[in-house]
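One structure is given here, and the rest of the page talks about it.
The values are calculated or read from the model by the stated rules, or taken from the named source; none is laboratory data. The structure displayed is predicted, hence computed values, not measured ones. Neighbour counts are summed over all protein chains in view; Cβ atoms, including those assigned to glycine, are modelled from backbone coordinates with ideal geometry. Ligands, DNA and RNA are excluded from the accessible area calculation, which covers all protein heavy atoms including side chains. Shrake-Rupley method; radii C 1.70, N 1.55, O 1.52, S 1.80 Å.
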Amino acid sequence: DVAECLASGIGVKENKEEALLWYKKSAENGHAPAQVTLGILYEDGDIVPQSFTEAAKWYRIAAEQGDCAGRYNLGCLYLQGEVKKDYDRAFEMFTLSAKQDSVFALNNLGYCYEYGYGTPQDMEMAVKYYLLAANRGDKAAAFNLGECYELGKGVEKNSEKALEWYRIAAERGDEDAQKKVQNWKKQ
């Protein structure tokens with residue numbers, strides 16, 4: 001893709017402004033991955049001034065085409081309140097994205113169930129989704145499971161299982177889990 005080559009300097013001299021023009025052209029022609037990329041650029045303020053409104057616009061357009069990343073990213077904006085806090089829409093977007101096999105969406109569904117965001121609070125469902133995501137490699141979900149076992153949230157309190165999940169998360173690079181494991185060793 002021309003835009004990616006220009007943005008990364010692959011095979012051509014890096015030119016982010018030119019890449020932006022190609023992303024916009026592709027996005028305006030209905031290419032969902034380019035729409036998601038534009039959303040990310042606006043969300044991060046990379047190349048363009050940061051604008052959560054513009055990010056949401058592009059994620060929404062991609063999501064309406066059924067794009068998994070568009071749905072997930074739009075859900076995150078709704079959950080965090082970057083555009084308008086809307087837990088119901090966040091939960092809906094995560095559900096749709098999870099049905100498309102998004103591991104991150106599975107973890108976020110667990111989070112929504114844990115705190116009752118867009119759905120009734122249900123710790124057993126939270127643990128179910130954390131486990132689905134953790135078993136598929138998500139470090140945040142592994143950390144969340146460690147916390148559930150450490151505190152007895154949705155499962156019976158079990159320090160061995162808590163440490164096991166913290167270790168898994170730590171091995172996957174979760175810094176909070178690495179601290180938990182280090183502190184556990186000091187006890």
### Query
What range in the chain is the longest one free of GluC sites (Glu not before Pro) that are in a loop by DSSP and have at most 12 other Cβ atoms within 10 angstrom?
15-155
## Note on the structure
For segment 145-187, averaging the sequence separation of alpha carbon pairs under 8 Å that lie six or more residues apart and dividing by its residue count, the contact order in percent is 28 percent
## Note on the structure
So for R0 = 30 Å, FRET eff. of Glu18-Glu64 from the Cβ-Cβ r, to 0.05, ends up at 0.60
## Note on the structure
Out of Ile168, Gln50, Asn135 - ranked by how far each Cα lies towards the positive end of the dipole of the chain, with unit charges on the beta-carbon of charged residues - the top one is Ile168
### Task
Report Tyr78's accessible area, 1.4 Å probe, all protein chains in place, as a number in Å² to the nearest 10.
20 Å²
### Query
Suppose every K and R has +1 on its Cβ and every D and E has -1 on its Cβ; what is the size of the dipole of the chain about the Cα centre, in Debye to the nearest 20?
360 debye
### Query
On the accessible surface of segment 100-167, probed at 1.4 Å, how many percent belong to carbon and sulfur atoms?
46 percent
### Message
Can you give me the distance in nm between label points at Met123 and Arg136, each placed 7 Å from the Cα along the Cα-to-Cβ direction?
### Response
2.5 nm
### Message
Starting from the 7 Å offset along Cα-to-Cβ, what nm value, one decimal, do you get for the label separation of Ile47 and Asp176?
### Response
3.2 nm
### Task
Keeping all protein chains in position, work out how much accessible area Ile40 exposes to a 1.4 Å probe, and write it in Å² to the nearest 10.
70 Å²
### Task
For the chain, calculate the relative contact order in percent as a whole number, restricting contacts to Cα pairs under 8 Å that are 6 or more residues apart.
9 percent
### Query
Calculated from DSSP H runs of 4 or more alone, at -39500 (n - 2.57) each and per residue, what is the 222 nm mean residue ellipticity of the chain, nearest 500?
-22500 deg cm²/dmol
### Message
Accessible area per residue for the chain in Å², computed with a 1.4 Å probe and the full protein assembly in place, what is it?
### Response
54 Å²
### Task
Taking the dipole about the Cα centre of the chain, with the C-beta of Lys and Arg at +1 and of Asp and Glu at -1, give me whichever of Ala27, Ile61, Val103 is farthest to the positive side.
Val103
### Nearest-ten-degree value, helix 103-115 long axis tilted from longest Cα axis of the chain
60 degrees
### Message
If I take every Cα pair under 8 Å that is 6 or more residues apart in segment 98-187, average their sequence separation and divide by the length, what percent do I get for the relative contact order?
### Response
20 percent
